[in-house]
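Contents: one structure, followed by commentary.
The values are calculated or read from the model by the stated rules, or taken from the named source; none is laboratory data. Values in this document were obtained by computation on a predicted structure and should not be read as measured data. Areas reflect the complete protein model, heavy atoms only, side chains present, ligands, DNA and RNA absent. Shrake-Rupley method; radii C 1.70, N 1.55, O 1.52, S 1.80 Å.
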Amino acid sequence: MINVEHIGIAVKDFSEANSLYFKLLGVEPYKTEYVESENVNTSFFKVGTTKIELLEGTTEDSAISKFIQKKGEGIHHIAFEVEDILAEMERLKQEGFQLLNECPKKGADNKLVCFVHPKSANGILIELTQEIR
């Protein structure tokens with residue numbers, strides 16, 4: 001793993017959350033994007049080398065909407081950048097981690113992504129990300 005790529009935060013109201021984080025961080029999001037495969041709106045803020053991703057579910061059955069219904073707004077996942085997502089997925093499987101997807105999929109911010117089940121990581125959803133080249 002190379003570094004913490006971003007911290008994902010689940011929010012109920014995208015517009016309100018973007019306004020709040022603009023006030024908090026003093027910067028506008030550098031990117032907003034709708035990820036159709038996940039039914040989620042995303043926005044990314046950058047402070048130094050740290051990225052914060054806000055996530056709003058666009059349907060009641062999206063993973064983000066279900067997360068908020070169950071746990072409320074807050075930290076949803078921690079993403080780690082990797083050099084080779086396929087190799088890292090295989091390494092984690094060999095170490096006994098349960099992956100939520102067998103193949104990487106296209107995520108936000110021009111990334112391939114894969115998630116590690118929270119049951120395998122002390123209750124934390126882990127995302128692996130690799131820049132799409």
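Worth pointing out:
- Rg over Rh for the stretch 1-76 works out to 0.97, using Cα positions for both radii and the Kirkwood form for Rh.
- Degrees between helix 85-94 axis and first principal axis of the chain (Cα, 0 to 90, nearest 10): 60
- Cα gyration tensor shape of the stretch 36-75, rounded if a/c is under 1.5, else prolate or oblate by comparing a/b with b/c: oblate
- Our coupling estimate for the stretch 46-57, obtained by passing each phi through the Karplus curve with A = 6.51, B = -1.76, C = 1.60 and θ = phi - 60°, is 10, 10, x, 9, 8, 10, 10, 10, 8, 10, 10, x Hz, Gly and Pro reported as x.
- Note on surface exposure: Phe80, Phe44 rank Phe80, Phe44 by accessible area, highest first, 1.4 Å probe.
- Over the C-alpha atoms of the chain, the Rg to Rh ratio, Rh being the Kirkwood estimate, stands at 0.95.
- Whole-angstrom gap from the stretch 1-65 to the stretch 70-133, using each part's C-alpha centre: 16
- In order along the stretch 7-18, phi translates into HN-Hα couplings of 10, x, 10, 7, 10, 7, 10, 4, 4, 5, 5, 4 Hz, rounded to whole numbers, per the Karplus curve 6.51 cos²θ - 1.76 cosθ + 1.60 with θ = phi - 60° and x for Gly and Pro.
- Bridge type composition, the stretch 58-131 - antiparallel percent by DSSP, nearest 5: 70
- Contact order, relative form, for the chain: 25 percent (alpha carbon pairs under 8 Å, 6 or more residues apart, mean separation divided by residue count).
- Mean ellipticity per residue at 222 nm, deg cm²/dmol - from DSSP H runs of n ≥ 4 across the chain, formula -39500 (n - 2.57): -7000 deg cm²/dmol
- Amide proton proximity set for Glu5, modelled H, under 5 Å, gap of 5+: Ala79, Phe80, Glu81
- Backbone HN-Hα couplings from phi across the stretch 100-111 [Karplus 6.51/-1.76/1.60, Hz, Gly and Pro as x]: 7, 9, 7, 10, x, 10, 6, x, 6, 6, 6, 10
- For Lys31, nonlocal amide neighbours, meaning residues 5 or more places apart or on other chains whose placed amide H falls under 5 Å from its own, are Phe44.
- Sorted largest first by accessible area at a 1.4 angstrom probe radius, with every protein chain in place, the residues Thr58, Thr42, Thr32 fall in the order Thr32, Thr58, Thr42.
- Here's how it looks for Gln98: its modeled amide H is under 5 Å from those of His117, Ser120, which are all 5 or more places away or on a different chain.
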